Structure formats: structure tokens, C-alpha cells
Amino acid sequence: MFQQIAFTDTETGEYGERRLHHPQEAEQFYRDLAGRQVRVGMEATGSFRWFSQLLSELGHELWWGNPTQIRASAPRRQKTDKRDARQLLKLLLEERFPQVWLPTVAEEDLRQLLLHRCRLVQVRTKVQNQLDAIAKNEGLVGRRVATEKGRRQLEALPLSGWYQRRRQDLFELLDQLGQSHRPLEPSRGAGSGRTS
């Protein structure tokens with residue numbers, strides 16, 4: 001992985017181009033700019049969480065650009081890394097950079113929490129549905145597994161062989177998911193919008 005960059009110092013007019021061959025070289029380059037006002041523009045493609053966090057930590061400004069608009073602004077059809085870097089710099093300097101919204105590091109972290117919680121809820125629902133299907137096959141009617149009484153009834157059913165093993169494994173998985181899911185639940189009353 002590498003970064004092809006074009007840069008300029010707006011105070012001195014110094015201009016340069018550079019190829020940063022690996023993340024450590026990129027990190028050192030941007031750390032050397034610490035304490036200076038830095039704006040970095042790049043196309044909004046790929047996954048660069050580490051880079052976004054690094055720039056946020058250093059106090060640098062990161063702008064993600066709309067790739068379609070950036071491409072449309074380039075006069076030549078031939079695409080190279082050097083031309084792309086020069087075009088991004090040109091758009092920044094001319095204040096025509098087609099910026100797209102970028103979540104802050106804290107917002108991205110919260111999004112990951114919500115995504116993780118959503119996936120755990122989906123898995124838990126699938127496990128509950130499988131246990132409900134076992135209950136229905138054995139003559140218990142309705143969604144029983146979600147209640148303590150229903151769970152006790154299903155656990156008390158005399159099952160044999162792989163039915164028994166499947167029920168046991170599903171209940172163990174349901175309990176594990178409950179333990180993992182509980183800390184991710186929003187606190188009661190938070191965000192309810194009610195005032196006293």
C-alpha cells in the first residue's frame with residue numbers, strides 16, 4: 001500500500017511530490033508536519049481508518065472528495081497516480097474540492113457500536129427462531145423462548161439425540177449473546193426526550 005502525494009506550503013510557495021511506500025513512512029511524513037496547519041484531500045475510496053485517526057490525532061484536517069466529481073474535473077482521460085495527486089492539490093488550492101461529509105473519529109466509533117449491536121441482535125433473533133421452531137415441533141404453541149416460562153417449558157421437554165444437543169447448544173449460544181449484548185443496550189431513559 002502506498003500514497004502518491006502532491007503538496008505545497010501556501011506561506012512559502014514550496015511545492016513537492018512524493019511517494020509514501022508504506023503506512024509507517026506516511027505516518028512519519030504527517031507527524032513531521034505536527035504543529036502546522038495542514039489540510040489533506042483524498043478521494044473517498046478505500047478503507048483508511050488508520051489514516052483518518054492519525055490525522056485527527058495530529059490535528060490535521062482531512063477532506064474526502066467525491067471521486068466522480070474529481071475525475072470529471074481532470075482535463076486528460078489518462079489516469080496516473082501522479083496526475084491524480086496533482087489534480088487533488090489543484091482542486092484544494094482553487095477551492096473547488098468536491099468535499100463529501102466525513103464522520104469524526106467519535107462518530108465513526110459510535111457507528112461501529114450500533115452496527116455491532118445490530119448484528120448481535122440479528123444473530124440472537126435467529127437463535128430464538130430456531131428454538132421456537134423446536135418448541136413448535138414438540139407441540140408448544142407461540143413464541144415461547146423469549147419468556148422465562150417458555151424457556152423452562154422447552155428445557156423440560158424430553159428430547160433425544162441431536163435434538164437434545166441442538167437445543168442445548170442453542171440455549172448456550174443464546175445465553176452468550178445475552179451476556180455480550182447487555183453492555184451494548186442503551187441506558188433506560190437516555191434519549192427518551194421526556195422532561196419532568
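Tabulated data for the structure shown
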item	result
All positions within the stretch 174-186 that are of a type in the set (A, V, I, L, M) and under 19 Å from residue 153 (Cβ atoms)	174
Pairs, first part of a helix (DSSP H, G or I) in the stretch 58-81, second at pLDDT below 90 and exposed (fewer than 11 other Cβ atoms within 10 Å of the Cβ), C-beta under 6 Å, six or more apart	67/45
Options 46, 16; residue that is within 20 Å of residue 79 (Cβ to Cβ) and assigned by TED's automatic domain parsing to the domain that holds residue 70	46
Residues located in the stretch 67-87, provided they are among the polar types (S, T, N, Q) and over 20 Å from residue 18 (Cβ atoms)	68, 69, 73, 78
Qualifying residue in the stretch 75-82 (condition: under 26 Å from residue 103 (Cβ atoms), surrounded by 12 or more Cβ atoms within 10 Å (Cβ to Cβ) and of a type in the set (Asp, Glu))	no
All positions within the stretch 118-169 that are under 20 Å from residue 181 (Cα atoms) and of a type in the set (Gly, Ala, Ser)	146
Residues of the stretch 100-147 that turn out to be more than 20 Å from the chain's Cα centre (by Cα) and outside any helix (DSSP H, G or I), as a count	10
Top-ranked residue in the stretch 38-55 [being out of contact with any Asp or Glu (no Cβ under 8 Å at 6 or more places or on another chain), surrounded by fewer than 16 Cβ atoms within 10 Å (Cβ to Cβ) and not β-branched (Val, Ile, Thr); ranked as nearest to residue 107 (Cα to Cα)]	53
Selection within the stretch 28-51 - under 26 Å from residue 71 (Cα atoms), part of a loop (DSSP other than H, G, I, E, B) and at pLDDT 90 or above	38
Residue within the stretch 181-193 that is surrounded by 13 or more Cβ atoms within 10 Å (Cβ to Cβ) and either assigned to a loop (DSSP other than H, G, I, E, B) or modelled with pLDDT of 85 or more (or both) present	no
Cross-chain or 6+ apart pairs with Cβ under 8 Å, the stretch 12-24 first and closer than 23 Å to residue 37 by Cβ, then at pLDDT below 85 and outside any strand (DSSP E or B)	20/2
Checking residue 91 against (1) over 23 Å from the mean Cα position of the chain (by Cα); (2) aliphatic (A, V, I, L, M); (3) within 30 Å of residue 46 (Cβ to Cβ); (4) in a loop (DSSP other than H, G, I, E, B), the condition it does not meet	(4)
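Residue-wise test of (1) aliphatic (A, V, I, L, M); (2) over 21 Å from residue 162 (Cα atoms).
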site	(1), (2)
100	yes, yes
106	yes, yes
109	no, yes
116	no, yes
125	no, yes
131	yes, no
141	yes, yes
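The values are calculated or read from the model by the stated rules, or taken from the named source; none is laboratory data. A quick note: this is a predicted structure, and the numbers were derived from the prediction, not measured. Backbone-built Cβ (ideal geometry, glycine too); neighbour counts: all protein chains shown.
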